[in-house]
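Got a structure here, written out as structure tokens. Questions coming.
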Amino acid sequence: MRTDTRKTMVEMRGVTKYYGALKALDNVDLDVYEGERVVIIGPSGSGKSTLLRSINRLEEINAGTIVVDGFDIYDPQVNINKVREEVGMVFQQFNVFPHKTVLENLTLAQIVVRKRSRKEAEDIAYALLDKVGIREKAHVYPTKLSGGQQQRVAIARALAMQPRLMLFDEPTSALDPEMIGEVLDVMVNLAKEGMTMIVVTHEMGFAREVADRVIFMDFGKILEEGSPEHFFVSPTHERAQQFMRQIL
Amino acid sequence: MKFVPDGILVTFEVTVLSIVIALVIGLFTGLGRLSSNRLVNGLASLYVEVIRGIPLLVQLFYIYYGLGRLFQLPPLTSAVAAMAICYGAYMGEIFRAGIQSIPKGQSEAARSLGMTPAQSMYHVILPQAVKTILPPVGNEFVALLKDSSLVSILAVADLLRRGREFASQSFTYFETYTMVALVYLMITLFFSKLISIMEEKIRAD
């Protein structure tokens with residue numbers, strides 16, 4: 001049971017989004033609490049990435065409200081950049097900055113956005129590179145790294161801002177199979193530290209290990225939610241049963 | 001043929017001043033063409049369409065005789081202004097294409113870290129776009145250097161203008177214009193080579 005003592009990190013109400021005539025998000029309500037790990041699953045085109053990207057307003061929504069860490073992010077009075085400082089995001093395609101070294105990838109936003117000194121930013125960056133296991137690559141350009149290493153740089157880059165919430169958009173889908181583990185390990189450790197995480201993924205092993213709640217989406221709607229075990233054992237919705245059969 | 005070094009200096013002066021100003025105009029025009037603000041976008045598009053539809057020589061006359069007389073501009077200033085305004089429109093399209101060549105994920109990553117659109121453009125997009133932008137800018141530089149001979153029609157003592165004066169005094173038309181043509185050719189060949197070396201270096205990175 002949820003208790004009211006937990007702080008709400010994300011509160012979505014009636015969120016609706018169209019791409020032309022296509023309804024990508026259909027009246028979605030969702031609460032995510034501080035410290036909670038939520039995994040979103042669903043077939044491609046189900047709206048799960050769009051849902052995630054609307055939480056830091058990389059997607060504009062057509063109706064509804066989204067409150068992140070107390071800020072109504074579609075309110076014109078709210079500075080979205082301030083909210084984004086507290087919301088880290090990891091992309092399927094990594095999106096590391098190829099013209100900056102690994103270290104500079106981690107320090108750029110700290111210096112420009114958080115206004116930290118170079119020294120302070122580098123100290124934080126080195127500590128995070130240790131954590132994701134690529135300190136020795138600090139002065140290398142990320143294009144020289146493997147996909148798994150690039151994704152770990154991207155995670156460290158987001159963590160360097162010391163966000164209160166992390167969004168992961170299919171972080172392992174573009175990786176070769178042998179590199180998926182190293183990225184998931186970093187994410188599992190992050191979960192153990194208590195980070196609030198919303199993760200779009202098909203990695204059910206990861207979901208089983210860290211997720212407090214799994215959400216199944218299709219047709220732009222949340223069709224079912226429950227524990228990871230619930231989805232392994234007895235999903236009730238026909239679409240969810242079908243989907244679980246396909247990915248397991 | 002003492003006119004050659006003095007003439008080259010003025011030709012370079014016109015070319016370098018024009019290209020630098022054209023780059024600045026081009027940057028803002030390119031950004032304007034990509035702006036979601038309708039007014040800014042419309043103005044930038046109008047500028048590009050108008051300038052590209054009018055011959056450079058007509059623009060030179062328009063600014064030199066029209067505006068230059070009105071505002072009492074010295075010949076060199078009017079000439080540089082006209083060349084820069086003309087080439088700025090072409091540079092704008094180069095900047096626009098260069099910025100558009102950077103994958104959308106780069107600006108999304110920058111914005112997701114809390115950067116403003118301007119910070120994202122300055123720290124993330126433009127440094128990467130430079131690689132795409134530099135080679136065509138080099139080509140524009142060579143084109144501008146050749147087009148700068150048009151200012152000889154105004155009272156600007158560039159290479160061609162000094163050559164024309166020298167020829168009419170010495171009656172050595174054939175020799176003088178051969179010399180002028182060869183000097184232009186050597187300069188443009190030199191810069192073309194420099195640009196292709198630069199391009200190869202960028203591609204090797």
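Return a yes/no flag: does the stretch A:157-172 have any residue that is part of a loop (DSSP other than H, G, I, E, B), more than 12 Å from chain B (Cβ to nearest Cβ) and over 20 Å from the mean Cα position of the chain (by Cα).
Among the residues of the stretch A:157-172, not one is part of a loop (DSSP other than H, G, I, E, B), more than 12 Å from chain B (Cβ to nearest Cβ) and over 20 Å from the mean Cα position of the chain (by Cα), which makes the answer no.
Please state which of the following conditions A:T236 fails to meet, knowing it meets all the rest: (1) in a loop (DSSP other than H, G, I, E, B); (2) at pLDDT 95 or above.
For A:T236, the failing item is (2).
With the requirement that a residue be open to solvent by 20 Å² or more (accessible area, probe 1.4 Å) and away from every other protein chain (no Cβ under 12 Å), what does the stretch A:129-143 give you?
A:D130, A:K131, A:G133, A:R135, A:E136, A:K137, A:H139, A:V140
Next question, about the same structure. Pull out all pairs, ordered by first then second residue, where Cβ-Cβ is under 9 Å, the residues are six or more apart or on different chains, the first lies in the stretch B:3-29 and is within 21 Å of B:T178 (Cβ to Cβ), and the second is β-branched (V, I, T) and not in a helix (DSSP H, G or I).
B:V10/B:V156
Taking the options A:G147, A:G205, name whichever one is surrounded by fewer than 20 Cβ atoms within 10 Å (Cβ to Cβ), modelled with pLDDT of 95 or more and of a type outside the set (S, T, N, Q).
Testing whether each residue is surrounded by fewer than 20 Cβ atoms within 10 Å (Cβ to Cβ), modelled with pLDDT of 95 or more and of a type outside the set (S, T, N, Q) leaves just A:G147.
Then there is this: In the stretch A:70-87, which residues are part of a strand (DSSP E or B) and either more than 19 Å from A:R114 (Cβ to Cβ) or within 9 Å of chain B (Cβ to nearest Cβ) (or both)?
Within the stretch A:70-87, A:D72, A:V87 qualify.
Could I ask something else about it? What about A:V113, is it closer than 25 Å to A:M9 by Cα, in contact with an Asp or Glu (Cβ under 8 Å, 6 or more places away or on another chain), free of Cβ contacts under 8 Å to residues at least 60 places away in the same chain and at the interface with chain B (Cβ under 8 Å from one of its Cβ atoms)?
Considered against the rule, which asks whether it is closer than 25 Å to A:M9 by Cα, in contact with an Asp or Glu (Cβ under 8 Å, 6 or more places away or on another chain), free of Cβ contacts under 8 Å to residues at least 60 places away in the same chain and at the interface with chain B (Cβ under 8 Å from one of its Cβ atoms), A:V113 comes out as yes.
A quick yes/no check of all residues on (1) more than 14 Å from every other protein chain (Cβ to nearest Cβ); (2) surrounded by fewer than 19 Cβ atoms within 10 Å (Cβ to Cβ); (3) small (G, A, S); (4) farther than 16 Å from B:S148 by Cα:
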residue	(1), (2), (3), (4)
B:S78	yes, no, yes, no
B:A82	yes, no, yes, no
B:C86	yes, no, no, no
B:K104	no, yes, no, yes
B:R111	no, no, no, yes
B:A118	no, yes, yes, yes
B:Y122	no, yes, no, yes
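The values are calculated or read from the model by the stated rules, or taken from the named source; none is laboratory data. Note that the structure is predicted; figures quoted are calculated from it, not measured. Here Cβ is always computed from backbone atoms with ideal geometry, including for glycine, and neighbour counts include all displayed protein chains. To get the accessible areas, we keep the full protein, side chains included, count just its heavy atoms, and leave off ligands, DNA and RNA. Shrake-Rupley method; radii C 1.70, N 1.55, O 1.52, S 1.80 Å.
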